[in-house]
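The values are calculated or read from the model by the stated rules, or taken from the named source; none is laboratory data. Being a predicted model, the structure only gives us computed values, none of them experimental. Neighbour counts run over all protein chains shown; Cβ positions are idealised from the backbone, glycine included. These area figures cover heavy atoms from the full protein model, side chains too; ligands, DNA and RNA do not enter into them. Shrake-Rupley method; radii C 1.70, N 1.55, O 1.52, S 1.80 Å.
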Amino acid sequence: ILNATIAMYATCTISLRESGPPLFRAHDLQIEEPYCEDPALRRLRLHHGVYERVVRQFNAGVPLPVTVETSCDAPMGSGLGSSSTLVVAMLRGYAELLGLAFGEYELAYLAWEIERVDLALSGGRQDQYAATFGGFNFMEFFAEDRVLVNPLRVKDWIVAELESSLLLCDSGVSRVSSSIIDGQIANITENNQVAIEGMMALKRETIAMKENLLRGQISEIATRLGAYWEAKKRTAAQITTPIVDKVYETALGAGAGGGKISGAGGGGFIVFFVEPRYRISVEAALRSIGGRIYPCRFVEGGSASWKIR
């Protein structure tokens, strides 16, 4: 995985009360929910899942009378890793509250385990590591849960050029990534050769793009974004939709050099490479069909926590 973190954040504030059941507030979703014993009735599944794991593993099963308040800059279904970033943020908050010393690998793995094992939500594991480590990283995933995160030393002028050449467009379509990922898994399990070759092409493009990034080969990055998108569409039928195709074709028609959908696909955000001279025309074209434009501003730092006394 080749990944970089941008200036969109998930935040969590945990307040310890004298008594009472846990209370969860997701301000961006405008949901307030007390702790619920029945998983089928929970709306804030991530909040419940993180709380239960922390209490079980780090507080000897003793309930915590906490108020947990969260918000996310990226909307649900954006494909920007908002769910995993939120889990990492909540774990950071609990670590600060209970005096837990998590290493980066330990924190990212715990966040992955809560989502994928405890809550049985389908998905990858790069988002948890990206949110924890921050910055530009080349991640390698091996058998038996072995992960290596390799920080990349990207020159300042390359970062500046990327920031002036990349834009994020909200396609206006939210999606449930788990169903798309389940389709990809089924294709691989069933030895679907088109899907497998698509996966191998994604790997090749990622490795090549890492070299382009470090060498400052900007035009090659634009070309590889397009090649990556074509390969990704071969991995599952749900990757693209007519609306996504319309957004993509509109951007290319207005001057974008290439792009790819963020996350699993099916909707959410699309990142486009646009030469600065074409940026205004591309943004205007995307807005004309209802697209919402966001800038790409890269940040180096990963997750962080602190106390307010």
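How high is the relative contact order of the chain? Use alpha-carbon pairs under 8 Å, at least six apart in sequence, and give a whole percent. Could you put the intermediate results ahead of the total?
Numbers: 548 pairs, mean separation 71.0, N = 309.
With pairs under 8 Å counted, the relative contact order is 23 percent.
Computed from the C-alpha gyration tensor, the three semi-axes of the ellipsoid equivalent to the range 131-255 are 25, 22, 14 Å, from longest to shortest. Counting heavy atoms of the protein chains alone, THR235 has an accessible area of about 0 Å² for a 1.4 Å probe. Within the chain, the whole DSSP H helices whose Cα atoms reach 20 Å or more along their own axis and whose mean Kyte-Doolittle score is at least -0.5 are 82-98, 193-215, 218-233.
Just checking the listed ones, MET200, MET90, MET209: in the Gaussian network model of the chain with Cα springs under 10 Å, the one fluctuating most is MET200. In a fully extended conformation the segment linking VAL62 and GLU113 would gain 16.3 nm over its present Cα-Cα distance, using 0.36 nm per residue.
Considering only LEU166, LEU98, LEU121, the mean-square fluctuation computed in a Gaussian network model of the chain, springs between alpha carbons under 10 angstrom, is largest for LEU98. Computed about its Cα centre, the charge dipole of the range 135-201 is approximately 120 debye, with only Lys, Arg, Asp and Glu carrying charge at their Cβ. In terms of its C-alpha gyration tensor, the range 142-209 comes out oblate, because a/c is 1.5 or above while a/b does not outweigh b/c. Using a cutoff of 8 angstrom between alpha carbon atoms and counting only pairs six or more residues apart, the relative contact order for the range 1-131 works out to 32 percent.
Its Kirkwood hydrodynamic radius, worked out from the mean inverse distance over all distinct Cα pairs, puts the range 4-66 at 13.1 Å.
As a test of the formula, what do you get for the chain when each DSSP H run with n ≥ 4 contributes -39,500 (n - 2.57) and the sum is divided by the residue count, at 222 nm and rounded to the nearest 500 deg cm²/dmol? When only DSSP H runs of four or more count, the value is -14000 deg cm²/dmol.
Using every pair of separate Cα atoms, the Kirkwood estimate puts the hydrodynamic radius of the range 117-171 at 13.9 angstrom.
Kindly state, to the nearest 0.05, the FRET efficiency for SER219 paired with ASP156, given R0 = 22 Å and r defined as their beta-carbon distance.
Working: r = 19 Å, r/R0 = 0.87.
Taking R0 as 22 Å, the efficiency between SER219 and ASP156 is 0.70.
Pair-distance distribution P(r) for the range 175-309, from all Cα-Cα distances in 5 Å bins starting at 0: 2, 10, 16, 19, 18, 15, 11, 5, 3, 1, 0, 0 percent. Rg and Dmax, both from the Cα atoms of the range 206-276 and both in Å, are 12.2, 36.
About its Cα centre, the range 1-153 has a charge dipole of approximately 120 debye under the convention of +1 per Lys or Arg Cβ and -1 per Asp or Glu Cβ, with nothing else charged. Ellipsoid fit via the Cα gyration tensor, the range 45-160: semi-axes of 26, 16, 15 Å, each the root of five times an eigenvalue, largest first. Think of the chain as a dipole: +1 on every Lys or Arg Cβ, -1 on every Asp or Glu Cβ, centred on the Cα centre; then among GLY77, LEU162, ALA284, ALA284 lies furthest on the positive end.
Could you look at the chain and say what percent of its accessible area is carbon and sulfur, using a 1.4 Å probe and all protein chains?
Working: 8110 of 15280 Å².
Taking all protein chains in place, the chain shows 53 percent carbon and sulfur surface.
List the pairs from LYS155/LYS260; LYS155/LYS203; LYS210/LYS233; LYS233/LYS260; LYS203/LYS233 whose alpha-carbon separation is above 19 Å, in the order I gave them. Flagged as over cut-off: LYS155/LYS260; LYS155/LYS203; LYS210/LYS233. GNM, the chain, Cα, under 10 Å: largest mean-square fluctuation among SER165, SER78, SER288? Sorting by GNM fluctuation, first place goes to SER288.
The separation of the range 50-104 from the range 199-257, counted between C-alpha centres, amounts to 33 Å.
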